[in-house]
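Undergrad: Please read through the structure below; I'll follow up with questions.
The values are calculated or read from the model by the stated rules, or taken from the named source; none is laboratory data. These numbers come from a predicted model, not from an experiment. For neighbour counting, all protein chains shown are included, and Cβ atoms are generated from backbone atoms with ideal geometry for every residue, glycine included. Protein only, heavy atoms only, side chains kept; ligands, DNA and RNA dropped before computing areas. Shrake-Rupley method; radii C 1.70, N 1.55, O 1.52, S 1.80 Å.
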Amino acid sequence: KGLAANPSAEARARLTRLLDGIDGVISPARLRPLRAMEVLEKIGTPAARTQLETLAKQSTDDETRQEIGRVLDRWR
């Protein structure tokens, strides 16, 4: 129902992640960058920020890059 309501891009990404988690197990390849982002965000140092920016540049997954962008925006 949430996806049918034409949510914003961020809300759509969050809903999709929730549904993916409900529908099955998140693959280790998808879980690894999510965990790395979480740890780096909690560390919150300039070096962690640099590492997140590097991760964003190297990622081939649009959703991962968007999530990194949201983390970086929260730091601004």
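Undergrad: In whole percent, and with a 1.4 Å probe on the protein chains, what portion of the accessible area of the chain is carbon and sulfur?
TA: Exposed carbon and sulfur together represent 56 percent of the surface.
Undergrad: Another one. Rounded to the nearest 500, what is the 222 nm mean residue ellipticity of the chain from helices alone, with -39500 (n - 2.57) per DSSP H run of 4+ residues and division by all residues?
TA: After summing the helix terms and dividing by the residues of the chain, the value is -25000 deg cm²/dmol.
Undergrad: Follow-up. Can you bin every Cα-Cα distance in the chain into 10 Å intervals starting at zero and give me the percent of pairs per bin, rounded to whole numbers?
TA: That works out to 17, 47, 30, 6, 0, in percent per bin.
Undergrad: A further question on this structure: Treat the stretch 34-76 as a sphere of radius equal to its Kirkwood radius over Cα pairs and apply Stokes-Einstein at 20 °C in a medium of 1.002 mPa s; give the translational diffusion coefficient in µm²/s, rounded to a whole number.
TA: Value of D from the Cα-based Kirkwood radius: 214 µm²/s.
Undergrad: Please give the FRET efficiency for L18 paired with L72, using the beta carbon to beta carbon distance and R0 = 25 Å, rounded to the nearest 0.05.
TA: 0.65
Undergrad: How much length, in nm to one decimal, is gained on full extension between T60 and I43, taken as 0.36 nm per residue of separation minus their Cα-Cα distance?
TA: 3.7 nm
Undergrad: Given a cut-off of under 8 Å on Cα pairs at least six residues apart, what relative contact order in percent is computed for the chain?
TA: 21
Undergrad: Compute the accessible area per residue over the chain, keeping the other protein chains in place, probe 1.4 Å, unit Å².
TA: 72
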